[in-house]
Amino acid sequence: MKRILYILIAAVTIGSLLFSCEAIEDRESLPAVTLTPETLKFSITQDATNKNLVNFKSDDPTVIPFWKYVDAAGNELGHSNKSSDQVILPFAGKYTIYYTAYTRGGSVEAAPVVVDIAENDETYFRDPKWQMLTNGVDGKTWVLDFTDPVGWAGLDYPATSGDNWSWLPDYASNSWVMANKDWGQMYFDLNGNYNTSVTQTAIANNNQTTKKGTYSFDIANNKLVFNGGVQMLYGGDYYGDCSNWISVKVVELTATSLRLAVVRDQSRTGEGVCLIVFHYKPKS
C-alpha cells in the first residue's frame, strides 16, 4: 500500500514539474521589447510643393506600423497600417499624428507629431462627387429611399466583371425587406472639417440615437469611412449580419442618389458572403 502511495506522489510531482517547465519556456519564448520611443525609425513630413500632403514612412521592416491622425479637437480623421502612406489634410489647422510600432514582444508608441497646415487646399474638392455627397460647406442630409431601400450584390458590384451580380428589388413588391418607417438620417458637410452625424432608429421601436464624428471619402477606391464611433445608417433587421458598419463601399453616387454597401460576412441564416446595398435620397 505504501509503495503504491509513493508511486502516486512521485507521478504527481514529476507532472507538476513538467507543466511548470513548459509554462516558463512559453513565457521566455517571447522576445524582449528593445525599442524605445526615442529609437523608433520613422518619419512624418509635409510635401515640398503641397503642404497639405503629409507623408508617413516607417523605416524599420521588423515592426508592424500603425498610424492615426486627429484634428485639433481630437476627432480621429483616419488611420493606416502601411509602411509608407500619404494623406491629404485639406483644411487649415493643427493635426496630431500618432505612430505605434508593433513587435512580437509588444508595442511601442512614439511621441505624437503635430503638423501645422497653413491654408485650405481648394483644389482638393474639385471632383464633383464631393459636392454630390456633402453640398460643400452647407451640408447634405440623406434618408433611405423607399422606392428600393435595400438590395444584395456580389462583392465586385458594380464592376463589369467578376462577382458582379445584383438584386435591387422594388419596395412595392417586396415590403418584407424592412418596415416602412423613419429609420433616421445621415449628414455630411465640409464646413472646416469632414463633419458627419448619423441618427439611427432602433429595430424594435422608434427610439433614435444620434452620433457625431468625422469621415473620410476615398473617391478613387469608392470607399467611405466613418470615424469617432459613427456607423452607417441602415434599415431593417440586418445589423447582426455584418461585422463592419464603419468602412463601407460607395456603389453609386449622384446628386439625387447614394448607394452604400456593407459586407454580409456573418449571416445569421447561413447565407453566403455578399454586399448588402442600402439606397438613400436627399432629405426633402
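The values are calculated or read from the model by the stated rules, or taken from the named source; none is laboratory data. Treat the numbers as computed from the prediction; the structure is a model and nothing was measured. Reconstructed Cβ throughout: ideal geometry from the backbone, glycine too, with neighbour counts over all protein chains shown. Keep in mind that these areas ignore ligands, DNA and RNA; they rest on the heavy atoms of the full protein, side chains included. Shrake-Rupley method; radii C 1.70, N 1.55, O 1.52, S 1.80 Å.
Summary of computed values
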item	result
Relative contact order %, region 43-116, counting alpha carbon pairs below 8 Å whose residues are six or more apart	28
Spin-label pair Thr269/Ala111, simplified geometry with 7 Å Cα→Cβ offset, distance in nm	5.7
Sites Asp138 and Ser83, calculated FRET efficiency, Cβ-Cβ separation with R0 30 Å, nearest 0.05	0.15
Principal axes of region 128-217: Cα extent on each, largest first, Å	41, 39, 18
Carbon and sulfur %, accessible surface of the chain computed with the full protein complex present, 1.4 Å	53
Greater than 24 Å apart at Cα, pairs in Lys57/Lys140; Lys57/Lys211; Lys41/Lys249; Lys82/Lys129; Lys94/Lys129; Lys140/Lys223	Lys57/Lys140; Lys57/Lys211; Lys41/Lys249; Lys82/Lys129; Lys94/Lys129
Cα gyration tensor category, rounded, prolate or oblate, for the chain with a/c compared to 1.5	oblate
Nitroxide proxy distance, nm - points 7 Å out along Cα→Cβ at Ser173 and Ala72	5.6
Cα gyration tensor category, rounded, prolate or oblate, for region 210-252 with a/c compared to 1.5	oblate
Probe 1.4 Å - accessible area at Lys281, Å² to nearest ten	90
Heavy-atom SASA rank of Glu119, Glu38, Glu271 (probe 1.4 Å, accessible area, largest first)	Glu38, Glu119, Glu271
Between 0 and 90°, nearest 10: helix 2-29 axis offset from the chain longest Cα axis	40
Region 155-284: relative contact order in percent, alpha carbon pairs under 8 Å with at least 6 residues between	16
Shape call, region 101-256: gyration tensor on alpha carbons, a/c limit 1.5	prolate
Accessible area in square angstrom per residue, the chain, 1.4 angstrom probe	56
Computed over the chain: relative contact order in percent, which uses C-alpha pairs under 8 Å that are six or more apart	14
Sequence of Arg126, Arg264 from largest to smallest accessible area, 1.4 Å probe	Arg126, Arg264
